[in-house]
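S.K.: Got a structure for you, questions after.
The values are calculated or read from the model by the stated rules, or taken from the named source; none is laboratory data. In this text, all values refer to a predicted model and were calculated from it rather than measured experimentally. Here the Cβ positions follow ideal geometry from the backbone for every residue, glycine too, while neighbour counts run over all protein chains shown. Side chains are part of the model used for accessible areas, which takes the heavy atoms of the whole protein and leaves out ligands, DNA and RNA. Shrake-Rupley method; radii C 1.70, N 1.55, O 1.52, S 1.80 Å.
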Amino acid sequence: MKVLPLTTRVLAAAVSAVLYAWPAGAMAQELRIGYVNSERVLREAAPAKAAQTRLESEFSKREKDLAEQGSRLKAAAERLEKEAPTLSESERSRRQRELIEQDRDMQRRRREFQEDLTQRKNEELAAVVERANRVIKQIFEQEKYDVILQEAIFAGPRVDITEKVIKALNAAPPAPR
């Protein structure tokens, strides 16, 4: 038997408690539950796609520079390997040290690139999530939902409002930059 994560068990217990404690008269009214597939919103919504495009344009030059530096380093290593038998010991050692230093520099630049990219991805993701949450809250209030879930084990199409959230995000004016 599969054990559910703690958050899922707590959420299930909370929903069960709400349904159990719900007054009988209120049960005659329909309980409005919505579900949003956050991954789909972050994959398909225009603001998420725009964020991805911004990241690609912002980091493409650095990525290309790193790839070129890697190619030059590889070519220099191959050249050294080919020429090594004809080089003096001191020249071979000097070129090996240079290659090691260049490799260290490239590894450092790669780490910095990854750290910068991760930080910017997190910033862009946070902005999209914030906008999506505002849209979800607006839908919640306008359509008088009782609860909107963003994580569920199963959700039927009747309660899935993901498409509605994506359309609202796509219709909203772009956030100022």
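S.K.: Got at least one residue in segment 125-145 being over 20 Å from Gln69 (Cβ atoms), without any contact (Cβ under 8 Å) to a residue 40 or more places away in the chain and among the aromatic types (Phe, Trp, Tyr)?
M.R.: Among the residues of segment 125-145, not one is over 20 Å from Gln69 (Cβ atoms), without any contact (Cβ under 8 Å) to a residue 40 or more places away in the chain and among the aromatic types (Phe, Trp, Tyr), which makes the answer no.
S.K.: I would also like to ask the following. Considering segment 26-68 alone, what residues qualify as being among the small types (Gly, Ala, Ser) and either in contact with a strand residue (DSSP E or B) (Cβ under 7 Å, 6 or more places away or on another chain) or open to solvent by 50 Å² or more (accessible area, probe 1.4 Å) (or both)?
M.R.: Of the residues in segment 26-68, the ones among the small types (Gly, Ala, Ser) are 26, 28, 34, 38, 45-46, 48, 50-51, 57, 60, 67.
Ala28, Gly34, Ser57, Ser60, Ala67, listed by residue number.
S.K.: Could you tell me which residue of segment 126-163 is farthest from Ser38 (Cα to Cα), considering only residues that are in a helix (DSSP H, G or I), open to solvent by 80 Å² or more (accessible area, probe 1.4 Å) and not acidic (Asp, Glu)?
M.R.: This residue is Gln142.
S.K.: Moving on. Check Gln96 against each of (1) of a type in the set (S, T, N, Q); (2) surrounded by 12 or more Cβ atoms within 10 Å (Cβ to Cβ); (3) closer than 30 Å to Glu30 by Cβ and name the one condition it does not meet.
M.R.: Result: Gln96 fails condition (3) only.
S.K.: If we scan segment 92-102, do we find a residue that is touching a helix residue (DSSP H, G or I) at 6+ places or on another chain (Cβ under 8 Å), among the hydrophobic types (A, V, I, L, M, F, W, C) and either touching a residue at least 60 places away in the same chain (Cβ under 8 Å) or in a helix (DSSP H, G or I) (or both)?
M.R.: Yes: one or more hits.
S.K.: Now a separate question. Answer yes if at least one residue in segment 114-122 is over 30 Å from Pro173 (Cα atoms) and either modelled with pLDDT of 95 or more or exposed (fewer than 11 other Cβ atoms within 10 Å of the Cβ) (or both), and no otherwise.
M.R.: Step one: of segment 114-122, the residues over 30 Å from Pro173 (Cα atoms) are 114-115.
Within this subset, residues satisfying the condition of being either modelled with pLDDT of 95 or more or exposed (fewer than 11 other Cβ atoms within 10 Å of the Cβ) (or both) are 114-115.
Yes - at least one qualifying residue is present in segment 114-122.
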